[in-house]
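Notes follow the structure.
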Amino acid sequence: MVIVMTPAATEDELAGVVRHIEAHGGQAFVSRGVTRTIVGVVGSEQVLETLDADGLPGVADTKRITAPYKLVSADNHTKRSTVRVGGVPIGPDTFTLIAGPCAVETPDQTLQSALLAKRAGATLLRGGAYKPRTSPYAFQGLALDGLKILSEVRAETGLPIVTEVLDVTDVDDVAEYADMLQVGARNMQNFGLLQAMGSVGKPVMLKRGLSATYEEWLMAAEYIAQRGNLDVVLCERGIRSYEPSIRNTFDVSAVPMIQALSHLPIIVDPSHAAGRRDLVVPLARAGIAAGADGVMVDVHPDPETALVDGAQALNGASLDELAEAVATLPALMGRTSAAHLAG
């Protein structure tokens, strides 16, 4: 069950609802969204049947949720949610481009990438300071120095930062610098990390695991929401399949399916789905046409020298193609570009 509080509900009214739930033998989990607070209720069937919370002060509605993910289910929201990252919206009425280098290498490389991203219409800057690599000998990122570079580039370009967290011990450091914390595919079911990120008070981007089902993905989002954070954006980045000619298989059906199952925004990452520059723009177009709330891509001023994933980074003509797609296609889907809202 979820209890939806009114927008004007006070802290005392919220505390009263929590006490009421606990007095009836249930557990309460409070999650705060942009405009509404939701209280998830876990308990036996007897607890849920006798709770009778509709008349409590500050309560707008109570709903029984059959899905195992109570807080992120579409059943508890009359409309899909919008998450704001440094003032930039990601949600059903807008389209948001997130772009930047897969890895932060140098201050100049990061700044040049950010300027390219901004010219293409990006309103959020992605960049990896901590890099999960299959090989322990590969470039692992600049860590704290990378976060500082991103912060300096944000100050110069005005683009809020999206960056990945790899370990619970790094959550506070990343949250100090970043506007949005990213959970990578390999960490989608790192439940301790999810809980820590749910408690830190920053929006979270949750990438789909390499072989995760929709339910597993949404249950991972539930871990974040259960710790009080409903500002979660899901990211479809391709799943592992038997096809060797592409890095991952882009599951475009994830976009409408997730939108049917959950109120959370969903974006697509065609760079990590394809692993090939020539496929990034076609897959981005497919994601936009399917109704994605945004697209995230890799950009690099000199992809041939990139320390990470240069083969999928956009530059030159390929970036111009993407810019044209994000300038024209979202409007056909009835969306306003976040870049236009930013002026």
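A short reminder: the numbers here are calculations on the coordinates, not readings from a lab. The model shown is predicted, which means the values in this text are computed figures rather than measured ones. Reconstructed Cβ throughout: ideal geometry from the backbone, glycine too, with neighbour counts over all protein chains shown.
Side notes on the structure shown:
- Residue with peak Gaussian network fluctuation, the chain [Cα springs, cutoff 10 Å], from A114, A325, A23: A23
- Centre-to-centre separation between the Cα atoms of the range 91-132 and those of the range 174-188: 14 Å.
- As a rough guide to protection, the peptides 290-298, 248-256 ranked by mean Cβ packing within 10 Å, highest first, stand as 290-298, 248-256.
- Three-way shape label, the range 236-343, alpha-carbon gyration tensor, a/c 1.5: oblate
- Order by protection proxy (mean Cβ within 10 Å, highest first), peptides 85-91, 71-77: 71-77, 85-91
- Stretching the chain fully between R84 and A317 yields a gain of 80.8 nm (0.36 nm per residue, less the alpha carbon separation).
- Too-long pairs where the Cα-Cα distance tops 32 Å, listed order kept, from K79/K131; K79/K118; K63/K118: K79/K131; K63/K118
- Highest average packing first - 221-233, 93-105, Cβ atoms within 10 Å: 93-105, 221-233
- Convex hull volume per residue, computed on the Cα atoms of the range 277-330, equals 70 Å³.
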